[in-house]
Amino acid sequence: MKQIILALLLLFSLCAFAQTQSELIEEPNLIEQKQIIFHKNSWKPFEGNTVFKNDDPIFIYKGKVKNGIEYYSEVYSEEDSLIDVLENGINLEFNSNSYKSKFHKNDEFTNVNELIIKKFKLHYNQNYKTGVKKKINGFVKLDKVKYYYEKGALTKIETYYDKNYKSIKSSYEIFSTEFGNLFNLDVNSAYHGKYKLWNNKGQLIEAGKYIMGKKVKT
């Protein structure tokens, strides 16, 4: 239930990494997703205690966050009874009569509504025999499209007129941070940075930039 509440609070903002890799690589076989908590109007990851009250039904959620990631939370009923404990996203078994809360009486809390929660994803290639996984760096070719990655994050998308990837059609830089790229089904809203468009004769017909998914005048 904690994850559902957090998902309802997702908001979307953008920033960018520079693209530095150009090596053809294999398509990622592993994608990890994380929800990151930031201060509002800032890309600074939040650290501290959070609290959220859900009115229907009435539950109170308290969480501990480090470097933007919630690693511990407790859920209380309207009667202030502890009904759920999660650590690193896993529900813990506990005795409600003897369990000692990790929160203290004088702890300070920040309301979740005063923060921003976003979902990010990182791309890996994993050796399933050894279990070793590596964040991908380089680009992947898929159906007239090149997807560029840096440290596991998608950073640029190029489309082509031909299957041989010789006649480029468009290039869009994509939002990403140290946590990966923003998880968003509408990839257009993830455009952030420079873009270029070419006609099928190889002539540049438009260039500019996007900020937070919106085209801006240059």
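Among 145-151, 51-57, how do they line up by average Cβ neighbours within 10 Å per residue, starting with the highest?
For the peptides 145-151, 51-57, the packing ranking is 145-151, 51-57.
Separation of the alpha carbons by more than 18 angstrom is noted, of Lys141/Lys166; Lys151/Lys196; Lys64/Lys105; Lys144/Lys209, for Lys151/Lys196; Lys144/Lys209.
The loop-placed trypsin sites (Lys or Arg not before Pro) in region 182-218, going by DSSP, that have at most 10 neighbouring Cβ atoms within 10 Å of their Cβ come out as Lys201, Lys217.
What separates the Cα centres of region 173-218 and region 75-133 is a distance of 35 Å. Of the three principal axes defined by the Cα atoms of region 130-188, the extents in descending order read 36, 29, 17 Å. Dipole magnitude for the chain: computed about the Cα centre from +1 point charges on Lys and Arg Cβ and -1 point charges on Asp and Glu Cβ, it is near 1380 debye. Using the Cβ-Cβ distance between Asn29 and Asn106 with R0 set to 41 Å, the FRET efficiency works out to roughly 0.30. Note on region 54-167: along the principal axes its Cα atoms extend 67, 37, 25 Å, ordered by decreasing extent. Restricting the calculation to alpha carbons of the chain gives Rg and Dmax of 21.4, 74 angstrom.
Its residues counted as N, region 178-218 yields a C-alpha radius of gyration over 2.2 N^0.38 Å of 1.39. Rg over Rh for region 102-160 works out to 1.27, using Cα positions for both radii and the Kirkwood form for Rh. Across the accessible surface of region 101-218, with the other protein chains kept in place and a 1.4 Å probe, carbon and sulfur atoms take up 48 percent. Looking at the square roots a ≥ b ≥ c of the eigenvalues of the Cα gyration tensor of region 94-218, which shape do they give, rounded for a/c under 1.5, prolate if a/b is larger than b/c, or oblate? Oblate, because a/c is 1.5 or more while a/b does not exceed b/c. Using a probe of 1.4 angstrom and keeping all protein chains present, the accessible surface of region 84-180 works out to 60 square angstrom per residue.
The values are calculated or read from the model by the stated rules, or taken from the named source; none is laboratory data. All of these numbers come straight from a predicted model, not from anything done at the bench. All Cβ positions, even for glycine, are placed from backbone atoms using ideal geometry, and neighbour counts span all protein chains on display. We work out accessible area using only protein heavy atoms, side chains counted, and drop any ligands, DNA or RNA first. Shrake-Rupley method; radii C 1.70, N 1.55, O 1.52, S 1.80 Å.
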